[in-house]
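Data first, discussion second: the structure below is written as structure tokens.
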Amino acid sequence: MHHPSLLFFLLTLILPLSASSPPSHFTKHRRKSTAPPQEYVEVTRPLPTDSLPPSCTLLILSYSFGNTTDLPPTNTTYSPPPDCTWSRAVLHLSAAANGSQHDRIAAVWLSEAELLRTSTPAPSADGVLWNVLKDVTRYSSLLRQSNLTLSVMLQNAVTDVYTGFYAVNLTVLYYSIAGNGNTINAGSLPISLFPPNQKLTTGILQNGPPPPKPKNPLKLDENPADQIIPISATGEEGFWFKIQSGLDEVRQGIQIPLNTYRAVIEVYVSFHGNDEFWYNNPPDTYFELNGLPKTGSNGAYREVLVKLDDDIIGSVVPFPVIFGGGINPLFWEPVVSIGAFDLPSYEFDLTPFLGLLLDGKVHSFGFGVADAISFWLLDANLHLWLDNGAGKVQAGAIKFENPSSCLERESNFRKKLDGEFEIQAKRENEFSGWVYSSAGNFTTSVFTKLTFENKVKLNKNGTEKEVEQNVKETKRVEIKDYNGDVVSTLRVERKYPLRIKSSSLPGATRNTSLVTTKLEQEVKEVEEDGNSKISLVNRLRSSGWMFALGEDVLSGAATTSQKYQLQGSVCYTRRLLANNGVIQTDTEGFLCQTATS
């Protein structure tokens, strides 16, 4: 992932106009020592399967990514292991690297559907290693098929200076968990969204024990789709689309099966190049007034838009994942930023639009990024649930209105290189539609609300900079039966604030700088389904300094602390402190605590 990284972050945001331009990327060139390779970690929740032995395992790829620039993805053939009973699947990526190298973006696709978006740490001469475990049960309909093409993209450039190779192993771990809803016979799949004691055709209570029901049928990992259709590029440079500007829009025509009774689109997206630090960007007028090149600008607002036949049916401001070379590379030793090893995907329930989609015609699914500059990588998976008890499902719209939105920008120039720039945005969507399948007549309603605030401050002739960003998303999905009774519901509220404060002084020699930075990043999430509530607080704080010559970090110091607290039916807490690349404390517990503890 060869991005401008600290070049633009330092040049246009905290360095004075007279300072020489740093090169395009900061890396850590350190002499090789006798130390063993260091393991890098992302703090996250344990998977429910971590303490269980897998029913079977399958090594699907072992490959060393050397000089892979401009090459297509690496491919292999996937087939599930024979005679293996399983209901959950976990993808395990284990990797190692030696030598100096940039951090890179990578992805794993199965039959062109993306399973994992990840990034590498920035390795050093002593080497690094890391592991990523991701529950991929939601892709079960693909994982049960044989002779599919599995593709991995990791574009790496090896030179006399950047010598690092990335050795990657991919393994699938299969688990058989009794009572898991994924083992429901295909013939009864329509029941998976509704009360387990409801008869498929009449709604009359049936005798005998009910079939197993997912813990939360609206969650993809608990109730996997019957079919997944990838919305992806041709694959020569990976199956992600490359979006170069806010005017770019990618589209793909799809005709869905006529017996579809539920549809969800899952979007993977990441930001690179001149737009990697989009949340730091002053408006174009700042660069024009100061005679600065607009390498990365266009303000600090980005919104991923999802369209169906030219209508916006969903949007998201993506979580600002910071890669291994970002802000200050010393922050991410050996604890990487939130989401760096497992970038989030974003889901949009399309069930209210089945009245439009079930007409037997091809419909256009489109994507764009508002105000984007080069470049963004985006693709999507269309998850479909099929009614095997009916040849055709009937559906219709109840409420379908264009989303309401508001965007306000304010600029306040104090001196030539100083100023404050603020952006506020809001968008609300509300859609509903009925679906009549062999399970009966049900209405699905989807409500989303997105609020965005960003403030960029430049002080002391542009040598000090503060970024404050707040994003809040509320999403509610509700399913009612023909009597108006709620049978399934899911409400999720997410907040992800970001604070960055940096100052810079030019060094005594040409092209050197001393940069001091503080960073706070957080994810707050509350999820409710009517019966249970789960809350998450994932808070990361980093501070430090670095002295750099061009793109090379010559020296520095950094401290990163992180607290991960999950509360609900299962509780988990982990606290970690890293200082100058060494983990000082790392504790975890499984007892439920108060919110303030």
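Criterion first (part of a loop (DSSP other than H, G, I, E, B), touching a Ser or Thr at 6+ places or on another chain (Cβ under 9 Å) and of a type in the set (S, T, N, Q)) does residue 315 satisfy it?
No; evaluated as a whole, the condition is false for this residue.
With the structure loaded, tell me whether residue 305 is in contact with a Ser or Thr (Cβ under 8 Å, 6 or more places away or on another chain) and buried (at least 20 other Cβ atoms within 10 Å of the Cβ) or whether it fails that test.
When the stated conditions are applied, residue 305 does not pass them.
For the structure I just gave you, tell me whether residue 353 is touching a residue at least 40 places away in the same chain (Cβ under 8 Å), within 21 Å of residue 261 (Cβ to Cβ) and crowded, with 21+ Cβ neighbours inside 10 Å. Steps first, answer last, please.
Working: touching a residue at least 40 places away in the same chain (Cβ under 8 Å): yes; within 21 Å of residue 261 (Cβ to Cβ): yes; crowded, with 21+ Cβ neighbours inside 10 Å: yes.
It is true that residue 353 is touching a residue at least 40 places away in the same chain (Cβ under 8 Å), within 21 Å of residue 261 (Cβ to Cβ) and crowded, with 21+ Cβ neighbours inside 10 Å.
Please specify each residue of segment 527-548 satisfying the condition of being in contact with a helix residue (DSSP H, G or I) (Cβ under 9 Å, 6 or more places away or on another chain) and of a type in the set (Ser, Thr, Tyr).
Of everything in segment 527-548, those that are in contact with a helix residue (DSSP H, G or I) (Cβ under 9 Å, 6 or more places away or on another chain) and of a type in the set (Ser, Thr, Tyr) turn out to be 542, 543.
Can you go through 197, 207, 185, 180 and tell me which one is farther than 30 Å from residue 413 by Cα, touching a Pro at 6+ places or on another chain (Cβ under 6 Å) and at pLDDT below 90?
Unique residue meeting the criteria: 197.
What's the total number of residues in segment 92-105 that are crowded, with 23+ Cβ neighbours inside 10 Å and within 30 Å of residue 51 (Cβ to Cβ)?
2
Taking the conditions exactly as written (at pLDDT below 95, touching a Leu at 6+ places or on another chain (Cβ under 7 Å) and over 15 Å from residue 279 (Cβ atoms)), does residue 548 satisfy them or not?
yes
Looking only at segment 279-302, filter to residues that are out of contact with any strand residue (DSSP E or B) (no Cβ under 6 Å at 6 or more places or on another chain) and of a type in the set (A, V, I, L, M, F, W, C); which one of those is surrounded by the most Cβ atoms within 10 Å (Cβ to Cβ)?
Applying the filter and picking the extreme gives 287.
Given 500, 479, which one is aliphatic (A, V, I, L, M), closer than 26 Å to residue 280 by Cα, assigned to a strand (DSSP E or B) and in contact (Cβ under 8 Å) with a residue 40 or more places away in the chain? Talk me through it step by step, then tell me what you get.
Details: 479 fails: closer than 26 Å to residue 280 by Cα.
Result: 500 is the single residue among 500, 479 that is aliphatic (A, V, I, L, M), closer than 26 Å to residue 280 by Cα, assigned to a strand (DSSP E or B) and in contact (Cβ under 8 Å) with a residue 40 or more places away in the chain.
So in segment 446-474, with the set limited to residues that are of a type in the set (S, T, N, Q) and more than 24 Å from the chain's Cα centre (by Cα), which one is nearest to residue 405 (Cα to Cα)?
459
Given 169, 156, which one is in a loop (DSSP other than H, G, I, E, B), within 26 Å of the chain's Cα centre (by Cα) and polar (S, T, N, Q)?
Of 169, 156, the one residue that is in a loop (DSSP other than H, G, I, E, B), within 26 Å of the chain's Cα centre (by Cα) and polar (S, T, N, Q) is 156.
May I ask you to list the residues in segment 407-432 that are more than 31 Å from the chain's Cα centre (by Cα) and in contact (Cβ under 8 Å) with a residue 24 or more places away in the chain?
If the condition is that a residue be more than 31 Å from the chain's Cα centre (by Cα) and in contact (Cβ under 8 Å) with a residue 24 or more places away in the chain, then 413, 415, 416, 417, 418, 419 are the ones that fit.
Just to be sure I understand the filter: pairs with C-beta atoms under 7 Å, separated by 6 or more residues or on different chains, first member in segment 285-304 and within 15 Å of residue 246 (Cα to Cα), second member assigned to a loop (DSSP other than H, G, I, E, B) and among the charged types (D, E, K, R). Which pairs pass?
Pairs found: 298/371; 299/371; 301/371; 302/371.
Inspect all residues belonging to segment 397-406 and state whether any of them is touching a residue at least 60 places away in the same chain (Cβ under 8 Å), touching a Phe, Trp or Tyr at 6+ places or on another chain (Cβ under 8 Å) and surrounded by 14 or more Cβ atoms within 10 Å (Cβ to Cβ). Spell out how you get there, then give the answer.
Of all residues in segment 397-406, those touching a residue at least 60 places away in the same chain (Cβ under 8 Å) come to 402-403.
Applying the additional criterion that residues be touching a Phe, Trp or Tyr at 6+ places or on another chain (Cβ under 8 Å) yields none.
Within segment 397-406, none of the residues are touching a residue at least 60 places away in the same chain (Cβ under 8 Å), touching a Phe, Trp or Tyr at 6+ places or on another chain (Cβ under 8 Å) and surrounded by 14 or more Cβ atoms within 10 Å (Cβ to Cβ).
Go through (1) out of contact with any strand residue (DSSP E or B) (no Cβ under 8 Å at 6 or more places or on another chain); (2) within 18 Å of residue 471 (Cα to Cα) for residue 360 and report which single condition fails.
The single condition residue 360 does not satisfy is (2).
Applying the selection to segment 60-75, what residues are hydroxyl-bearing (Ser, Thr, Tyr) and either more than 21 Å from residue 135 (Cα to Cα) or buried (at least 20 other Cβ atoms within 10 Å of the Cβ) (or both)?
Once the filter is applied, which keeps residues that are hydroxyl-bearing (Ser, Thr, Tyr) and either more than 21 Å from residue 135 (Cα to Cα) or buried (at least 20 other Cβ atoms within 10 Å of the Cβ) (or both), segment 60-75 yields 63, 64, 68, 69, 74.
Which of the residues that make up segment 25-58 are modelled with pLDDT of 90 or more and not in a loop (DSSP other than H, G, I, E, B)?
38, 39, 40, 41, 56, 57, 58 - these are the residues of segment 25-58 that are modelled with pLDDT of 90 or more and not in a loop (DSSP other than H, G, I, E, B).
Out of all the residues in segment 501-541, which are among the polar types (S, T, N, Q), closer than 15 Å to residue 567 by Cα and surrounded by fewer than 18 Cβ atoms within 10 Å (Cβ to Cβ)?
531, 532, 535
Out of the residues in segment 216-248 that are of a type in the set (Phe, Trp, Tyr) and in a loop (DSSP other than H, G, I, E, B), state the one that is farthest from the chain's Cα centre (by Cα). Don't jump to the end; show me each part of the working.
Residues of segment 216-248 of a type in the set (Phe, Trp, Tyr): 239-241.
Retained after the next criterion (residues that are in a loop (DSSP other than H, G, I, E, B)): 239-240.
On the way: 239: 16, 240: 14 Å.
The residue in question is 239.
Collect the residues in segment 223-260 that are hydroxyl-bearing (Ser, Thr, Tyr) and either touching a Pro at 6+ places or on another chain (Cβ under 6 Å) or surrounded by fewer than 17 Cβ atoms within 10 Å (Cβ to Cβ) (or both), keeping them in residue-number order.
Here is the first cut: in segment 223-260, the ones hydroxyl-bearing (Ser, Thr, Tyr) are 232, 234, 245, 260.
Correct list: 234, 245.
Considering 312, 327, which residue is surrounded by 23 or more Cβ atoms within 10 Å (Cβ to Cβ), touching a Leu at 6+ places or on another chain (Cβ under 8 Å) and not aromatic (Phe, Trp, Tyr)?
Selected residue: 327, the only one of 312, 327 that is surrounded by 23 or more Cβ atoms within 10 Å (Cβ to Cβ), touching a Leu at 6+ places or on another chain (Cβ under 8 Å) and not aromatic (Phe, Trp, Tyr).
Check segment 484-491 and report whether any residue there is closer than 30 Å to residue 215 by Cα, touching a Pro at 6+ places or on another chain (Cβ under 7 Å) and assigned to a strand (DSSP E or B).
Scanning segment 484-491, I find at least one residue that is closer than 30 Å to residue 215 by Cα, touching a Pro at 6+ places or on another chain (Cβ under 7 Å) and assigned to a strand (DSSP E or B), so the answer is yes.
Could you list all residues from segment 327-362 that are polar (S, T, N, Q) and farther than 21 Å from residue 379 by Cβ?
328, 337, 351
For segment 407-416, give me the residue count where each residue is surrounded by 14 or more Cβ atoms within 10 Å (Cβ to Cβ) and not aliphatic (A, V, I, L, M).
Filtering segment 407-416 down to residues surrounded by 14 or more Cβ atoms within 10 Å (Cβ to Cβ) leaves 407, 409, 411, 413.
Of the ones still in play, those that are also not aliphatic (A, V, I, L, M) are 409, 411, 413.
The total comes to 3.
Please give the number of the condition residue 68 fails out of (1) closer than 16 Å to residue 332 by Cα; (2) at pLDDT below 95.
(1)
Among the listed residues 350, 377, which satisfies the condition of being of a type in the set (A, V, I, L, M, F, W, C) and either modelled with pLDDT under 95 or over 30 Å from residue 581 (Cβ atoms) (or both)?
Going through 350, 377 in turn, just one is of a type in the set (A, V, I, L, M, F, W, C) and either modelled with pLDDT under 95 or over 30 Å from residue 581 (Cβ atoms) (or both): 350.
The values are calculated or read from the model by the stated rules, or taken from the named source; none is laboratory data. All values derive from a computational prediction rather than experimental measurement. Note that we place each Cβ from the backbone using ideal geometry, even for glycine, and neighbour counts take in every protein chain shown.
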